[in-house]
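Computed from the coordinates by the stated procedures, all read-outs in this text should not be read as laboratory data. Since the model is a prediction, treat every value here as computed from it, not as a measurement. Every residue, glycine as well, gets a Cβ built from its backbone with ideal geometry; the counts of neighbours run over all protein chains shown.
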Amino acid sequence: MIEFREVSFVHQNGVKALDGVSLRIESGETVAVVGENGAGKTTLVKQVTGLLKPTSGSVLVDGEDTKSTSTAKLSRKVGVAFQNPDHQLFSESVEEEMAFALRNFGFAPAVVQQRVAWGLELFGLEEYRKSSPLVLSGGEKKRLTLACILAWDPDVVILDEPTVGQDSIQKEKLVGTIGMLRSAGKTVVVVSHDIEFLWPVQPRVVVMKSGRVVGDGPARTLMLERGLLETARVVQPQLVELYQGLKRRPEEPFVDPLEARRWVEEAAGR
Amino acid sequence: MMWLSGGFVFRRGTSAYHKLDPRVKLLISALMFVTTLLVRTIYELAAVLAFFLVVAAIATVLKRVARTMVFTLMFSAFIFVVNVVFTRNVETSVLYAVRFVAIVVSTSLFFITTSPDELEQVMKTFRLPRDVVFAFVTAVRFIPVMMLDTIQIMDAQKSRGLELDKGNIFRRVRNMIPVLIPLVVNSVVRSGELAEAMESRAYGAVPKPTSLVEYHTSARDKAVAVAAVVAFALGAYSFYFILPTQLL
């Protein structure tokens, strides 16, 4: 469980990035943190691994205060896949890159081998096992960074802007991976501008603006609040727009495009 | 890296010193630099350093300069220790150590009050080749970007269990490899992309491109320049001809 208690954070240059954020994320929850650039989303998730410590208030991860716990210790529980994969890839080969964190955490060699093989297979990177991670395409690098995180099986997985540079097929695969993590009981936090790709996952949505949480609730209801989303410069999912544009409509918005198509055709009497 | 951020990266300011012609600011810093080399006793150097701090206060950058001095003290201490070991003269060693701090302050004053655009103009004044000017100014402009990159890379690696501040000196150096490789690779990629972007915007199309801003030295700039030269001359004269006789 992750808990933010009245967390404020001021950068060295005096900019207030978080302003009294209180938030509780239960184990096994899938949460999307959305908001415009500079809303404080990345600053918020960096508090979870202790990369940034609150200026005031506290952040608790499974009851441990991040102020008094090292990032290395917190990272064993919380895996963060950062926005830019080029900021972490450095090894001679893809398998070495995957093994890096596992060795840092002291996994036995046999377990390292097994986890590396599992990650490469899951993300379709086996053919690049001996290649340099630096020569991979943008999408492949992104998948590799995610594989690197999942390899040590953290309880909480944080994905910072995971769709940047990903094509539609990769986005669908990402949705599948999030679904898999959810089934495995992991807590998943996705920081993104792109709520569209997360709509099928139906996460809990936390809307941020100017370092504050301005909206918090299930996607199905929160995404209907056009005014709130416009204030936070978040674009509604297309299916929600379609749903709100209909004169006669079902009680709940569509989650799947096929569901919408079927309903519209039935309503039109076809 | 961080002491560079405080001491050498330009931030916009509104003080009268910031508004001076960049060539005058360069002249002042150059005179300060030479003065630190001319002084021969620790007392003279202390007076010179105090004068530099007064200039920093006028330029409203005293806090940043003071922060730079704190970080510089580590290197200064190293210089002191090396000199004590080899010269066995504490006074000379202190002089060298403090001189280093004074040199950093004099150069830092120029860089933190002069924008990269102004720096470009200064270099053009000296008729340096355009490519050299561009490369230097771009390097200065990218220091904050590289620092941000470094922080982000360190964050990413720390999130993978890397402990940068643990172990002996050798282990710490080895632990920097996962930070340095992405930093160098990113910088090389960025410089390639920048070169392509510049060429696609006609960089080098004409031998002598026009400039957006033309700098003109005002009467105030000239007065400050003359005052700086006079102050330097008086200082040098007193250090060499007045103070030594008084000390005797």
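Figures for the structure shown
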item	result
Placed amide H near A:V214: partners under 5 Å, 5+ positions off or other chain	A:V207, A:M208, A:K209
Label-point gap, in nm, between A:E127 and B:V230 - each point 7 angstrom along Cα→Cβ	7.8 nm
Residue-averaged beta-carbon neighbours from other chains (10 angstrom radius) around B:157-170	6
Part-to-part distance (alpha-carbon centres) for segment A:35-66 and segment A:179-216, which is given in Å	16 Å
Percent antiparallel among DSSP beta bridges (both partners in the protein assembly as shown, rounded to 5)	50 percent
Segment B:190-218 residues near the modelled B:V132 label - backbone nitrogen below 19 Å, point 7 Å along Cα→Cβ	B:204, B:207-209
Counting DSSP beta bridges with both ends in chain A, the antiparallel % (nearest 5)	50 percent
Neighbouring partner chain Cβ atoms per residue of A:84-96, average, 10 Å criterion	5
Highest to lowest packing among A:40-50, B:200-210, B:43-53, scored as the average C-beta count within 10 Å	A:40-50, B:43-53, B:200-210
Using a Förster distance of 51 Å, the FRET efficiency for B:A223-B:Y43 (Cβ separation, nearest 0.05)	0.95
Across A:K53/A:K141; B:K19/B:K222; A:K16/A:K53; A:K142/B:K158; A:K16/B:K63; A:K41/B:K63, pairs whose alpha-carbon gap is larger than 24 Å	A:K53/A:K141; A:K41/B:K63
Computed E for A:S8/A:E36 - FRET, C-beta separation, R0 30 angstrom, nearest 0.05	0.95
Proximal lysines relative to A:K186, as straight alpha-carbon distance under 16 Å, when same-chain residues fewer than 8 apart are discounted	A:K77
Rounded Å value of the spacing that divides the Cα centres of segment B:73-111 and segment B:184-248	25 Å
Calculated from backbone phi, Karplus (6.51, -1.76, 1.60) coupling profile of segment B:17-27 in Hz, x at Gly/Pro	5, 4, 7, 4, 4, x, 5, 5, 5, 5, 4
Whole-Hz ³J(HN,Hα) from phi, Karplus 6.51 cos²θ - 1.76 cosθ + 1.60, for segment A:29-41, glycine and proline x	7, 10, 10, 9, 9, 10, x, 6, 4, x, 6, x, 5
Gyration tensor (alpha-carbon) shape descriptor, the protein assembly as shown, a/c threshold 1.5	prolate
3J(HN,Hα) from dihedral phi, segment B:55-62, Karplus parametrisation 6.51/-1.76/1.60, rounded to Hz, x for glycine, proline	4, 4, 5, 4, 7, 6, 10, 4
